[in-house]
Amino acid sequence: MIDWPTMTALRQTSPLDHLLTEAQRALDTVFGNPPAARPYPAAAGEPGMTSTERRHAAGLMRINHVGEVCAQGLYFGQAAVAHDPATREHLLEAAQEETDHLAWCAARLTELDSRPSLFNPVWYAGSYAIGTLAGLRGDGWNLGFVVETERQVEAHLDEHLETLPPNDLRSREVIQVMKEDEARHAEHAEQAGARRLPFPIPGAMALASKVMKTIAYRF
């Protein structure tokens with residue numbers, strides 16, 4: 001008698017299986033609404049804001065949503081080619097927490113009567129390509145990209161905490177939890193053996209991030 005569950009478990013993943021998995025992840029990230037595993041951190045009441053303040057808050061949260069789309073693409077691209085199973089697991093675990101961030105930012109955009117970036121498919125595809133290239137250089141470089149990405153994200157979240165409308169406590173609560181998670185991801189990647197990225201890669205990443213933020217704020 002054939003034990004089908006055992007046979008299924010033992011069957012090796014084919015290239016087609018891998019392609020379909022990556023395609024599903026991309027569709028879920030860009031067009032879906034993946035649920036968060038953790039509760040929505042915004043507990044404060046909805047503040048009274050002027051239309052200008054609401055547009056500004058929405059622009060910042062759209063940038064944060066794009067950042068999470070990019071993080072998903074980067075981590076999934078890196079995990080797809082990671083050599084060490086422990087590194088792959090680290091990347092997928094970080095991606096799961098970024099899924100929480102993605103859901104929270106989407107929820108906050110809805111509360112602000114706004115929408116995600118129109119260019120999310122482009123942001124995801126570019127980040128996935130960068131993640132794959134980084135992963136092909138080896139796991140040390142893979143983790144080095146995680147550290148640099150998280151440090152830059154942490155810095156722009158600090159900027160958003162400074163420039164949000166003063167009474168927008170709901171957005172602040174979301175961003176604060178995200179910032180703590182990003183710092184932890186970077187610390188874990190360093191402990192796992194991340195290599196410091198050489199010049200001019202960090203500067204190029206910062207420049208690409210600046211372009212993305214400028215576009216995503218409005219579109």
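The HN-Hα couplings worked out from phi for the range 86-98 by the Karplus form 6.51 cos²θ - 1.76 cosθ + 1.60 (θ = phi - 60°) are 5, 5, 4, 5, 4, 5, 5, 5, 5, 4, 5, 5, 5 Hz, whole numbers, x standing for Gly and Pro.
For the range 52-68, the Karplus equation 6.51 cos²θ - 1.76 cosθ + 1.60, evaluated at θ = phi - 60°, returns couplings of 5, 5, 5, 5, 5, 4, 5, x, 5, 5, 5, 4, 5, 5, 4, x, 6 Hz by residue, with Gly and Pro reported as x.
When VAL66, VAL211 are sorted by how many other C-beta atoms sit within 10 angstrom of their C-beta, beginning with the fewest, the order is VAL211, VAL66. You can think of it this way: the chain between LEU118 and TYR217 has 34.6 nm of extra reach, that is 0.36 nm per residue less the Cα-Cα gap. Which shape class applies to the chain: rounded if a/c is under 1.5, otherwise prolate when a/b exceeds b/c and oblate if not, where a ≥ b ≥ c are the square roots of the Cα gyration tensor eigenvalues? Judged from the Cα gyration tensor, the chain comes out prolate (a/c at least 1.5, a/b above b/c). Across the options ILE130, HIS185, GLY140, the greatest Cα extent toward the positive end of the charge dipole of the range 49-218 (unit charges at beta carbon of Lys, Arg, Asp, Glu) belongs to ILE130. Using the rule -39500 (n - 2.57) for each DSSP H run of four or more residues, divided by the residues of the chain, the 222 nm mean residue ellipticity is -26000 deg cm²/dmol. Applied to the range 181-194, the Karplus parametrisation 6.51 cos²θ - 1.76 cosθ + 1.60 on θ = phi - 60° returns per-residue 3J(HN,Hα) values of 5, 4, 4, 5, 4, 5, 5, 5, 5, 4, 5, 7, x, 4 Hz, with x for Gly and Pro.
For the pair ALA86 and THR21, a Förster radius of 25 Å applied to the C-beta separation gives a FRET efficiency near 0.80, rounded to the nearest 0.05.
All of the numbers you see were taken from the coordinates with simple rules; none came from a lab. Note that the coordinates shown come from a computational prediction; the quantities given were computed from them, not determined experimentally. Counting neighbours? That spans all protein chains shown, and the Cβs are built from the backbone with ideal geometry, glycine included.
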